[in-house]
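Below you'll find the structure, written out as structure tokens, and then a few comments.
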Amino acid sequence: MIPNYQELMRPVLEFSGGREVNIRDAVEAISENLGLSEEEKTELLPSGKQTKIANRIHWARSYLKQAGLVKNTKRGYYVVTERGRKALENPNVTINNELLEQFDEYQDFKSRTKDAKLNISDLPEENQNLNTPDESLREAHDRMNDSLAFDLLEQVRGAEPAFFEDVIVELFVAMGYGGSSTDAGKKLGRSGDDGVDGVINQDPLGVDQIYLQAKRYAQGNNIGSAAIRDFFGALSLMRASKGIFVTTSKFSSSAIETAANLGSRIVLIDGAQLSKLMIKYNIGCRDEEVLHIKKLDDAYFTDDGLL
């Protein structure tokens, strides 16, 4: 298991041992000393631009620097200070944020950042002092999206069936089905539709089409295998080979098995997946604010190559 950034503070200090070291070498050595698996060593952040262990080691060094336990000597290099060496003298002392609190420099750093808009007190208590700031930001983002997903499903479940069908067609058009065609997707009537609620062109010319079934069910009213067989029959009548079955509830295990065993290609989308897609493609929601996570560009201040 990858340690949190506070648990990495002592290893970051110990790796230097009073000598100037490269942070990249620290990441590699500390990962080895901790016995991390290859999967843990290479696990990436959601951005895909940095490994999780490297990110946490960089944050550990950053906090240690704010408290004066290390100092940066040049780009990508650091060294333990006299204060840092004293902290290492007692192996029983836990080096964490609580220890850093005693230093004025760290208190000054906290006062400079106290007006930050991200309120990590909204996170679970056990995570407040374990996550790095960017991890806290991502967790807060996930919690907001979870709440939004719940609200979206509640709104869709409370709407008229015809509106739900509109939502599904609009979603798939937003996902790119049908290209730029204005007739990329449409509903197929209110009754006598043979178990099909909509059709989506898979290509701009409408050469290939995907038929849709939409069931606006309450939570707990799950879709069974009979509904899947009915949809399969409707696809057969239309000589269609592809269908998408969408519900605001869930699919029973027998429904999932039935869909997998039938000859036609039937994709199942339950309420949880539907709400995530609606958020991703801004169906029923909108971007309120875009936050850009900035990072110091060391290369800007030096000319001896990248880190």
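The values are calculated or read from the model by the stated rules, or taken from the named source; none is laboratory data. Owing to the predicted nature of the structure, the values given are computational and were not obtained by experimental measurement. No Cβ is skipped: glycine too gets one built from the backbone with ideal geometry, and neighbour counts run over all protein chains shown.
Here are the numbers for this structure:
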| read-out | value |
| --- | --- |
| Any chance residue 19 is charged (D, E, K, R), farther than 21 Å from residue 133 by Cβ and modelled with pLDDT under 95 | yes |
| Complete set of residues in region 48-69 that are part of a loop (DSSP other than H, G, I, E, B) and in contact with a Leu (Cβ under 6 Å, 6 or more places away or on another chain) | 67 |
| Residue check for residue 231: of a type in the set (A, V, I, L, M, F, W, C), modelled with pLDDT of 95 or more, closer than 21 Å to residue 161 by Cα and assigned by TED's automatic domain parsing to the domain that holds residue 200 | no |
| Qualifying residue in region 5-23 (condition: within 23 Å of residue 296 (Cβ to Cβ), among the acidic types (Asp, Glu) and in contact with a strand residue (DSSP E or B) (Cβ under 9 Å, 6 or more places away or on another chain)) | yes |
| Boolean, residue 256 is crowded, with 22+ Cβ neighbours inside 10 Å and either under 20 Å from residue 198 (Cα atoms) or in the same structural domain as residue 167 (by TED's automatic domain parsing) (or both) | no |
| Exclusive hit being hydroxyl-bearing (Ser, Thr, Tyr) and surrounded by 17 or more Cβ atoms within 10 Å (Cβ to Cβ), set 47, 16 | 16 |
